[in-house]
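Comments concern the structure below.
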Amino acid sequence: MMTEFTSSHGIVASIKAHKPTRTFRYLAFEPEEHPISAQLFGSDPHVMADAARICEDLGFDIVDINFGCPVNKVVKCNGGSGLLRDLPLVERHASDAFGERERSFQLMRRGRYVEFNLIYDRGTHFGLQSGGRTESILMSLPPLVRWAYNEQPEPGSPEEQLAAYLRPRDWLGSEPLEL
């Protein structure tokens, strides 16, 4: 499965604004839709790298930085195939999106997703308690995770921004909830 073509600038702006925007609708998926790919476009390599990290942390298995879209609206902002106008720039930034720090954070976030599913998800709970086929129920969980006790992201990092955004909150009042 693949998401709609999504603006990397819109994703990053949503995180920085600390509130969901229309852009996040394009990134919605259900756990049973794995493997799932986020299809991103944009023109700023640093913003695209941040958006790719955010998508990975949201649970996407694949992040596709799209260099082929010929749609005029996308190409006009130098996204999609418009990026191919500057091949040295593409080469310099093709591997910026993901490194060891980002991978470690991604695996830890996936571990939190597993915790949520096993503890709070009613569907998973029902399946396990009603004698459902355990292997089938757990197939929707990510295959690789990392467990860490009270791990905090580096101050000022994109991971810290995402962690602040993902705190439980009252979305109608935008006040953080105390657990």
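If you bin the C-alpha pair distances of the chain every 5 Å from 0, what whole percents do you get? All Cα pairs considered, the percentages come to 1, 7, 14, 18, 19, 16, 11, 7, 4, 2, 1, 0.
Provide the packing ranking of 9-17, 133-141, i.e. peptides ordered by the mean count of other C-beta atoms within 10 Å per residue, highest first. Could you put the intermediate results ahead of the total?
On the way: 9-17: 18.4, 133-141: 12.3.
The peptides rank, most packed first, as 9-17, 133-141.
When the Cα positions of VAL114, LEU89, PHE60 are compared along the charge dipole of the chain, LEU89 comes out farthest toward the positive end, with charges on each C-beta of Lys, Arg, Asp and Glu. Averaged over residues, the count of other Cβ atoms within 10 Å places the peptides 37-45, 146-154 in the sequence 37-45, 146-154, highest first. Projecting the Cα atoms of ALA28, PRO153, CYS69 onto the charge dipole of the chain, computed from C-beta unit charges around the Cα centre, puts CYS69 farthest toward the positive end.
Under the convention that each Lys and Arg Cβ holds +1 and each Asp and Glu Cβ holds -1, the size of the dipole of the chain around its Cα centre is about 380 debye. When you count the other C-beta atoms within 10 angstrom of each residue and take the mean per peptide, 159-167, 115-123, 46-54 line up highest first as 46-54, 159-167, 115-123.
Accessible surface of the chain, 1.4 Å probe: 56 percent of it comes from carbon and sulfur atoms. Per residue, the solvent-accessible area of the chain (1.4 Å probe, heavy atoms of protein chains only, all protein chains present) comes to 62 Å². When the chain is treated as a GNM with alpha-carbon contacts under 10 Å, the residue of GLY82, GLY68, GLY132 showing the greatest mean-square fluctuation is GLY132. Extending 7 Å from Cα along the Cβ direction at ASN150 and again at ASP121 yields two label points whose distance is 2.9 nm. Taking every DSSP beta bridge that has both ends in the chain, the antiparallel portion is near 20%.
Helices in the chain, meaning DSSP H runs of at least 4 residues, each add -39500 (n - 2.57). Divided by all residues, the mean residue ellipticity at 222 nm is -12000 deg cm²/dmol.
The values are calculated or read from the model by the stated rules, or taken from the named source; none is laboratory data. For clarity, every value in this text was computed on a predicted model and none was experimentally measured. FYI the Cβ positions are ideal-geometry reconstructions off the backbone, even for glycines, and counts take in every protein chain you see. These accessible areas exclude ligands, DNA and RNA; they are computed on the full protein's heavy atoms, side chains included. Shrake-Rupley method; radii C 1.70, N 1.55, O 1.52, S 1.80 Å.
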